[in-house]
Structures are given as C-alpha cells and as structure tokens.
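Please read the structure below before turning to the comments.
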Amino acid sequence: MVVCGDDGLARRLADELREVYRQRVVLVVTEEGAEERTAGPVTEPAGTSSGGAVVPVRVSTASAPTRETLLRAGVDRAQALALLYEDDETNLRAALAARRLSPGLRLVVRMYNRKLGQHLEELLDQAALVHSPGMDRAVLDASTTVLSDADTAAPALAATAVAGTSKVVQADGVLLRAAERIPPGRGEVPDTGLCTLALLSSTTTDPAGAEGSEASGPQGPVLLPDDRTVAGGAGRGSVVLETVQYAGPALPARRLARRGAPLRELFSSRLRWALAGIVASVLALTLTTTALTDAGPVHAAYITLLDLFSINDPALDAPVTHQVLQLLSGLVGLALLPLLIAGALEALGTFRAAGALRRPPRGLSGHVVLLGLGKVGSRVLARLRELDIPVVCVEEDPDARGIPLARGLHVPVVLGDVTDDGVLESAKIHRAHALLALTSSDTTNLEAALYARTVKADLRVALRLYDDEFATAVYRTLRTAHPDALTRSRSVTHLSAPAFAGAMMGRQILGAIPVERKVLLFAALLVAGHPQFEGRTVAESFRPGAWRVLALDMATPGTRRPDLASARHDGEQPQLLWDLHSGYVLQPEDRVVIATTRRGLAELLGRHRASDRTDA
C-alpha cells in the first residue's frame with residue numbers, strides 16, 4: 001500500500017492500514033529533511049511471505065507526487081494507492097500518472113470538488129477497463145474511489161450540533177442515526193430501534209471517566225453485541241440504529257426572494273411611509289376637491305395627482321378655491337418628494353446589496369453558530385441548511401471557500417476574528433442553540449468554545465480538533481468542568497480515516513460512526529466469495545463483535561447504483577430493504593449493507609482475497 005499526502009490524514013491512514021489491516025505501507029510526505037523511519041513494529045499475520053516479520057511503515061519525502069516519486073514508492077508493484085494532498089489538482093495529476101504506471105492499481109483519491117471527482121472516477125475506471133476488458137463490475141467499481149474527508153465528517157459534525165450526536169451516516173438517501181439510550185430501569189424494555197449497535201462503557205456516566213477505546217478491556221464499549229450480551233448489560237447505556245428519512249425544507253416560492261432581496265427589505269419602512277403619505281394626501285385632497293367643487297371623484301383625483309407632482313398648469317383663471325387647493329397640493333408634494341426619493345434610493349441600494357452578506361436579524365434565537373467556512377465548514381453548512389436549521393456563520397477571511405455558499409443560501413455571516421471582543425456577540429451566541437467551532441486552528445476553536453461557555457453555560461459545543469489525542473484530552477477536561485453541558489471534540493482525520501482505509505482494501509464504505517473512541521463502519525459488499533454470508537440466513541451470518549447484516553440491495557445487478565453513500569436523484573426509488581427478515585438466505589448475487597468493526601472488515605477482506613487465490 002502506498003499513501004501520499006501532506007497532512008495528518010495521510011499518517012492516520014497509514015497507521016490504520018498497518019494496525020488494523022496488517023498491510024505493508026509506504027508513506028510519502030512533503031516534510032523537507034525528514035529521514036525514513038518506521039512507525040512501530042507490528043507482527044505480520046500468519047501465511048504471509050515474510051513469515052511473521054515486523055511490518056514497518058516506510059516514510060519518504062518528496063516535494064510533489066511526480067512519476068519518479070511514485071516509482072520510487074513502488075506504485076507499479078503496489079496493491080493500492082491513496083492520494084491525500086489538500087490540493088485537488090495535485091491529486092488529479094498524480095492519479096493520471098499512477099493509472100498510466102499501473103492500469104490495474106486500486107486508487108483512492110481525496111477530492112473536494114465533487115463534480116471533478118465524479119468525472120475523474122469515470123475516466124480512471126474507463127482506463128482500467130480498457131486495460132482489462134473482462135474486468136468484473138464489482139472489481140471495476142472498487143478500482144477508483146474518490147472521497148472527501150470533509151464530506152465524510154460533515155454529517156457527524158452537523159448532527160453533533162443539532163441532535164447532540166455525531167453518529168450519523170447516509171445510505172441510499174436514508175439518514176441513519178445511532179442514538180444513545182440511557183440504561184433501562186427495572187422492568188423496562190429497552191428500545192432497540194432497527195438493532196443494537198453497541199453497549200457503552202461502564203464509565204460513561206462518570207464525568208471524570210475515560211471514554212472506552214480498543215484497549216479498555218471489559219469496561220470499554222461492546223460493538224455489535226448479541227441479544228444475550230444486551231440482556232446482560234445491566235446499567236450500561238446502548239447505541240441503537242434508527243432511520244430518519246430525509247425531507248428537504250419547504251422553501252417559500254418567492255421569485256424575487258430567490259433572485260435577490262426579499263420584498264419586505266426592498267420596500268423599506270421609509271419607502272412604505274412615503275407611499276402611505278402620498279396615498280393619504282391624495283385621498284384627503286380628492287375628498288376636499290370633490291366637496292368644494294363640482295368635479296367628480298375620478299376627475300378630482302386626477303387633478304390632485306397633477307397638482308401634487310407639479311405637472312398641472314397654473315390655475316390663473318380658476319376660482320380661488322381651486323387655486324388654494326392647487327397650492328396646497330404643491331406644498332404637500334414638495335414635502336413628500338424628498339422622502340419618496342430617499343426611500344427609492346434605499347430600496348435600490350438594498351437590491352444592489354442583495355448578493356452581499358447578510359447580518360444576523362434581530363430577535364434571532366435557537367440557531368447554530370458556525371465558526372469557519374473552509375472545506376469542512378462549507379460542507380457542514382450545506383448539511384445544516386438541508387435540514388432547515390437556522391445558522392449564523394463567523395469567518396475571518398472574506399474570500400473564504402464557503403462565503404459564496406453562504407451568500408447563495410442567504411445565511412447571515414459575521415466577518416471577523418472569533419477571538420476579538422464582540423464578534424461572537426454579533427452572532428447572537430447568547431441566544432444560540434449550539435456552537436460548531438470548525439476553523440483550521442485548534443487554539444482558535446478551543447478559545448472560542450471556552451469564551452462561549454462563559455456567555456452561555458449550557459450551550460451545546462462541538463469542536464473540530466486536528467489531533468485525535470488532543471481532542472480526547474479536551475473532551476475529558478470540558479466534560480469535567482461542565483458536566484451538565486453537552487461538549488464534543490472531534491478530529492476530522494479520526495472520523496474519515498476508516499473510510500479511506502476501507503476503500504483502499506477494495507470495498508465501498510458508506511460511512512463511519514464513532515462509539516466513544518471506537519469506530520463502526522458501514523460497508524456495501526457482494527455476498528459472492530464470502531463463506532461467512534453465502535448460503536447462510538441473515539441470523540446465521542451475524543457474528544457478535546465483528547459484523548452484522550443490516551439491509552439488502554433490492555436492485556438487479558445491472559441496475560445497481562455504485563455509490564450507495566450518495567443521495568438519490570429526483571424521483572429515484574429506494575434500493576435498500578432495511579426491514580430484512582432474519583431467515584432470509586443470502587445468495588451469491590446479493591449485495592448487502594453490513595455494520596462491522598475495522599478488524600471484522602479486515603477479516604472479511606482477508607478471507608475474500610484468500611478464496612480468490614484458491615479459485616485462481
């Protein structure tokens with residue numbers, strides 16, 4: 001395996017491949033002057049070529065992933081290559097070069113631009129098909145995978161602010177939520193939802209306790225427990241799987257509001273008062289003219305309007321009453337004309353500024369304050385607006401990546417440094433429901449969260465932190481200091497690395513759900529070649545602590561969508577059957593969605609590769 005990158009995601013992915021999947025990894029980084037080193041000894045599984053030797057992560061440096069760099073890393077002999085540079089163009093050029101060097105290489109490419117990523121995936125798959133015309137469709141689908149760490153982590157971060165949980169993943173247009181359940185009381189029947197995904201560790205109710213991890217032993221969380229374990233987990237909370245069908249927000253059908261400013265902003269209070277004054281003056285003068293002269297109401301209104309706007313000829317030969325009314329109309333028109341002009345100019349300025357950033361409206365409350373409109377912040381903002389959640393953004397850079405998105409969605413934005421006095425107050429933090437600190441600076445996110453706590457002690461806070469160990473320490477400290485407030489600290493690399501690792505192993509990963517400091521993966525795979533599933537019922541295929549079948553793809557093999565993690569297109573029917581009978585016998589042509597641990601997925605993939613070698 002070869003991993004190329006310029007940030008923490010590359011190192012996290014290399015560790016994931018080495019520790020979980022027991023793979024040899026070459027890590028290519030851009031750090032100048034770094035020497036090749038190993039990341040720690042890991043015993044290679046039995047049956048490998050080296051017979052139990054240590055499996056190091058070999059680290060080398062390169063300024064760019066050129067053809068020579070890829071050859072030096074052994075891409076022409078590698079099983080898979082991950083390109084994780086933050087620049088899309090760098091990943092694009094490297095992916096094309098790698099496909100020319102090794103047409104059958106499995107590629108995992110990190111791309112922020114979704115449309116470009118889709119075209120790149122189609123292009124690289126076509127190149128692989130030209131090299132191997134008889135390639136199996138499942139193998140072809142896995143030959144190129146384009147992922148975004150921002151897209152992978154965005155649902156979890158958005159759900160943390162909205163529902164107090166980051167355990168969310170999307171599959172076939174359905175939003176899956178892993179909801180935490182408190183320990184049931186005596187005589188109460190626990191709500192298991194679709195199924196019980198995990199039992200929480202026994203220390204989660206202790207404010208000073210540590211979250212469970214892979215090394216927590218029997219006190220840690222239990223992933224994918226069977227019914228007996230669930231029944232015996234007295235006093236433990238649980239994580240159950242729920243499905244929430246996505247329903248888009250009902251936007252008002254106002255053409256002008258969609259194109260620019262709302263009508264109520266165009267017709268400002270000054271302009272409305274001017275129009276009301278003109279109407280009242282016309283009515284009063286029309287009634288007076290009708291009463292004092294023999295003119296009809298329509299003719300009187302017409303003459304009044306002409307006099308009001310100084311369009312009528314002077315009434316030199318008219319009766320004195322008419323002359324007085326004309327002078328009075330002229331004076332009223334002169335008094336109202338400046339107000340009308342000022343209101344019209346204000347409306348014109350509002351229309352021109354319709355594309356500018358909005359300010360938080362007065363009286364706003366119950367909203368989410370989003371700090372940072374970079375790659376991750378932009379994706380989270382889009383998720384929140386899909387759920388029709390009111391958002392106020394805070395961004396220091398007026399040219400940030402997410403500013404056009406916020407302008408297009410008419411989301412209020414406060415431009416300024418969140419550490420400056422008054423910036424968070426301008427975002428109405430004292431009346432907010434939650435704070436999402438997603439800037440690229442750990443210290444900025446932490447400082448903003450601590451200050452927001454002083455303004456509103458019970459504010460729901462979620463922080464994006466770069467390093468997972470630092471995120472764990474911050475979470476424990478804030479939980480101890482504010483036991484009654486909901487605080488979450490999340491590392492984007494921690495949330496997204498399992499999905500990238502699973503894609504490198506050749507299976508489609510729908511998403512990852514954190515359970516304390518462990519991770520559950522959701523993957524779609526074909527039953528063929530897996531003796532753990534083929535010919536077995538759904539109940540028989542369940543292995544506690546390793547994997548569990550959740551859904552069945554009802555589409556025929558020729559019409560299956562390759563990417564079940566994406567939303568459905570308009571009018572597209574659901575493919576997945578979630579209410580799956582436990583006695584259903586899995587057939588080789590079936591595609592199933594499973595919940596699995598990282599080690600469980602590694603075992604499935606290892607046995608699948610072994611069966612492929614046997615068949616060959």
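The values are calculated or read from the model by the stated rules, or taken from the named source; none is laboratory data. The model shown is predicted, which means the values in this text are computed figures rather than measured ones. Here the Cβ is made from the backbone with ideal geometry for all residues, glycine too, and neighbour counts use every protein chain on show. Accessible surface areas use protein heavy atoms only, side chains included; no ligands, DNA or RNA. Shrake-Rupley method; radii C 1.70, N 1.55, O 1.52, S 1.80 Å.
Data overview
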read-out: Computed accessible area, F470, all protein chains, 1.4 angstrom probe, square angstrom; value: 80
read-out: Ranked by how many other beta carbons lie within 10 Å on average, peptides 584-593, 516-525 from highest; value: 516-525, 584-593
read-out: Peptides ranked, highest mean first, by Cβ atoms within 10 Å: ranges 430-439, 17-26, 412-421; value: 430-439, 17-26, 412-421
